[in-house]
Amino acid sequence: MNNKFDITRAPQTPLRAERDPRRDGAGHIRGVEATSGGLIRSTLMASGAAAAMLTVVYLPAEYGIDPTGLGAILGLTEMGQIKQQLYAEAEAEDAAAANASVTLDPDTLARLDRIEAQLATIGAVIGAPPAVTEAPRGSAAVAAAAPASAPEPAPEVAAESAPEVVTEPAPDAAPAETAAAVDAAVAAATSDWRDEVSYTLAPGEGIEVKLAMQEGQTARFYWTANGAVVNYDTHGDGSGQRVSYEQGRGVPEQEGELTAAFTGNHGWFWRNRTDAPVTVTLRTVGDYAEMKAP
């Protein structure tokens, strides 16, 4: 008798399905159970990560503010400072364009008044032309003062055979004497300045000149690019502080007053962004200890 075991005919024990703890009886995925302590920890961790990103990455890269010092190591602080400088130059350019299209600023008006006073002084030195007296209405006569140096006409010759006489006008004053008088008048009109410096900037070159001032002291200034234009930044630093008073792009000249916000060095930085050399001249007077120039 052949008794061979056939596994296919052996009694089968039903398999028990293992339960997945992540699913319920219907096979749906269970929700994550959260506690108040876990939510607080997650919130604090996310806030800490955001604050770290803000302090280490965002502030140095966007505003040049680096409270931790890591931004300078990563090169982000310099990038932020460049961005802020570009933003400031763009705003100054827009403001200058808006002001130029509306009216003259007070500095320009003060400059024009100063030029008019200098011209009046020069006219007093070299002699102004005599005034013309206007005749009353209805009268045909107009009285006009004749120039003192005008030559008298030559008398007519009675005999036709007499030779013709030509009278030449008297020569004017010597040009050298007139030029000297003009220079003296200009010097007298500008003698109220205390310091004056001039610098020639190559294309792309910049220079900084500052005044040593106490808090609240005021200095009057006038600077010019002598027919060209420059970018400028009026600022101050000292006593652990730094301030930017005004910035501009493509400005030919400026005149006004500078009041120190704190004790330190306050002045100007100019940069030549043109393709040719530019000479910058600065004149100052007022309450300051000394001018700090290169």
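The values are calculated or read from the model by the stated rules, or taken from the named source; none is laboratory data. What you see is a predicted model, and the numbers here were worked out from it, not measured in a lab. When we count neighbours, we look across all protein chains shown, and the Cβ atoms used for this are built from the backbone with ideal geometry, even at glycine.
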Given Arg249, Arg283, which one is at pLDDT 95 or above and either under 20 Å from Glu205 (Cα atoms) or assigned to a strand (DSSP E or B) (or both)? Arg283
Which of the residues spanning region 252-280 are outside any strand (DSSP E or B) and touching a residue at least 60 places away in the same chain (Cβ under 8 Å)? Asn272, Arg273, Thr274, Asp275, Ala276, Pro277
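Test Ala228 against the criterion of being closer than 22 Å to Asp94 by Cα and surrounded by fewer than 18 Cβ atoms within 10 Å (Cβ to Cβ), and give yes or no.
The answer is yes for Ala228.
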